[in-house]
1. Sticking with the crude label model, points 7 Å out along Cα→Cβ, report the distance from ARG123 to ASP78 in nm, one decimal please.
2. Please work out how much length the chain gains when fully extended from ASP13 to ASP46, using 0.36 nm per residue of separation minus the C-alpha to C-alpha distance, in nm with one decimal.
3. What is the gain in length, in nm to one decimal, between ASP22 and ALA87 on full extension, counting 0.36 nm per residue of separation less the C-alpha to C-alpha distance?
4. Mind grabbing the base-10 log of I(q)/I(0) for segment 26-129 at q = 0.10, 0.12, 0.14, 0.22 Å⁻¹? Debye formula, identical points on the C-alpha positions, no solvent, two decimal places.
5. Quick one: 3J(HN,Hα) in Hz for segment 102-117, Karplus 6.51/-1.76/1.60 with θ = phi - 60°, rounded, Gly and Pro as x.
Amino acid sequence: MPSSANVLIVEDDASFRDTLGDVLMDEGHSVHLAGHGAEALRILADLPRAVLIFLDVNMPVMDGLTFLSRISEWPDRDRLEVVIMSAAVDIEWFRGTRGVIKAMRKPFDFGKIVELARHFSERHSPARGSLAGAAEQPGAFVSTASAPPSEPEE
């Protein structure tokens, strides 16, 4: 297997987030979890290499659109690639958005996510001249997600 991808899943649905994290971890990727965009920014600040971000749009605290605007001026922004995941938003809105490599409507086949992570890790592997994509501990599962607030989403 090529070097693993460093993945950040930003999703407020804990069950979906954990399932997606388990699938990617089983494939040998280093997985980090966040329940909303603000939490994802804190995690991202500590990740020193290329990161593939699976991003939900509708979340409490900080939604996906705000998260995208915050990372638009992020140092080393070109090392971040984003896959939008949404059931409620028209995925066509994200065509041409810097760093968004794909927008997927929920529900989707987890096999497509695995394939995206594999391609990401190949593009950022040490063999391609970048140590940025090499995960420190393939298969590491890092959960820093907290439960979302109890108020209903709008």
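Any read-out appearing in this document is the output of simple, stated calculations on the displayed coordinates, not a laboratory observation. Just so you know, these numbers come straight off a predicted model, no measurement behind them. Don't worry about glycine lacking a Cβ; one is built from the backbone with ideal geometry, like all the others, and counts go over all protein chains shown.
1. 1.3 nm
2. Details: separation 33, 0.36 × 33 = 11.88 nm, distance 2.31 nm.
Between ASP13 and ASP46, full extension yields an extra 9.6 nm.
3. 21.3 nm
4. Log10 of I(q)/I(0), two decimals: -0.27, -0.39, -0.54, -1.41.
5. Once θ is set to phi - 60°, the couplings for segment 102-117 become 6, 10, 10, 8, 6, x, 9, 7, 4, x, 5, 5, 4, 5, 4, 5 Hz.
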